[in-house]
Amino acid sequence: MELLTPEGLLLRPWRPDDAPAVLDAFAPAEMARQSGTPVTTLDEALGWIAERERERVAGRGYAWAVVRDGAALGSVAVTAVNRVHDTGWVSYWTAESARGTGIAAAGVRATARWAFDDLGLHRLELGHRVNNPASCAVALRAGFAAEGIERGKLRYGNTRYDVERHARLATDLVNAG
């Protein structure tokens, strides 16, 4: 399945031929620190892509490559899908070359609409470190309302970070039209 955004971006499942783009995206130290799984070789990038497909097949998560002009420039996903409560967790990243271009917000908006319309989810959540204003801007531009701060939620190395939680509901006015 593929999605097309009003901005002309294509969202599609990750493919093995995207491995160089994944490897490039995870090269910066900040991405490597947050990834949880090292992606430093083409084999590791292929493993990352294979895990996204396993999640999709199992119905646990749905990751999309955000593509412009044939190049995968970012990722947006709905994971931790909970059918009891009809909720999911949204995450996103972009390659360094695509940051600040609006592709993350466009991808999150399209993925949210798909999750509400096709998966039948009611609530989508996401979180970002409070010291990451760019990620906050993406969440707000994608229609996710800020709900509060989760103190000391994330730990990278020996440092703990507060996280701002955002959510979007299927019934929010942003979904009309």
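Coordinate-derived values only; no laboratory data. Computed from a predicted model, the values in this text were never measured in an experiment. Cβ coordinates were reconstructed from backbone atoms using ideal geometry, including for glycine residues, and neighbour counts include every protein chain displayed.
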Go through the stretch 4-49 and report how many residues are under 14 Å from ALA72 (Cα atoms), touching a helix residue (DSSP H, G or I) at 6+ places or on another chain (Cβ under 7 Å) and in contact (Cβ under 8 Å) with a residue 60 or more places away in the chain. 4
Look through ALA45, ALA19, ALA27, ALA72 and report the one residue that is at negative phi, out of contact with any Pro (no Cβ under 7 Å at 6 or more places or on another chain) and assigned to a loop (DSSP other than H, G, I, E, B). ALA27
Check off (1) of a type outside the set (Val, Ile, Thr); (2) assigned to a strand (DSSP E or B); (3) in contact (Cβ under 8 Å) with a residue 40 or more places away in the chain; (4) surrounded by fewer than 22 Cβ atoms within 10 Å (Cβ to Cβ) for SER91 and give me the number that stays unchecked. (3)
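Against the condition among the aliphatic types (A, V, I, L, M), surrounded by 17 or more Cβ atoms within 10 Å (Cβ to Cβ) and under 14 Å from the mean Cα position of the chain (by Cα), how does LEU23 come out, does it pass? Explain how you work it out, then say what you get.
On the way: among the aliphatic types (A, V, I, L, M): yes; surrounded by 17 or more Cβ atoms within 10 Å (Cβ to Cβ): yes; under 14 Å from the mean Cα position of the chain (by Cα): no.
For LEU23, the condition - among the aliphatic types (A, V, I, L, M), surrounded by 17 or more Cβ atoms within 10 Å (Cβ to Cβ) and under 14 Å from the mean Cα position of the chain (by Cα) - is not met.
Report, by residue number, each residue of the stretch 59-76 that is under 19 Å from PRO28 (Cβ atoms) and under 9 Å from the mean Cα position of the chain (by Cα). First the steps, then the outcome.
Within the stretch 59-76, the first condition is being under 19 Å from PRO28 (Cβ atoms), and the residues that meet it are 65-66, 71-76.
Answer for the stretch 59-76, where residues must be under 19 Å from PRO28 (Cβ atoms) and under 9 Å from the mean Cα position of the chain (by Cα): GLY74, SER75, VAL76.
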Those residues of the stretch 64-85 that are farther than 13 Å from PRO13 by Cα and touching a residue at least 60 places away in the same chain (Cβ under 8 Å) come to a total of 1
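Report whether or not ALA98 is of a type outside the set (S, T, N, Q), touching a strand residue (DSSP E or B) at 6+ places or on another chain (Cβ under 6 Å) and under 19 Å from LEU126 (Cα atoms).
Working: of a type outside the set (S, T, N, Q): yes; touching a strand residue (DSSP E or B) at 6+ places or on another chain (Cβ under 6 Å): yes; under 19 Å from LEU126 (Cα atoms): no.
No, not satisfied.
Results for (1) surrounded by 18 or more Cβ atoms within 10 Å (Cβ to Cβ); (2) more than 18 Å from SER97 (Cα to Cα), shown as yes or no for each residue.
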residue: THR5; (1), (2): yes, yes
residue: ALA19; (1), (2): yes, no
residue: SER35; (1), (2): no, yes
residue: ASP43; (1), (2): no, yes
residue: GLY47; (1), (2): no, yes
residue: ARG52; (1), (2): yes, yes
residue: ALA58; (1), (2): no, yes
residue: SER75; (1), (2): yes, no
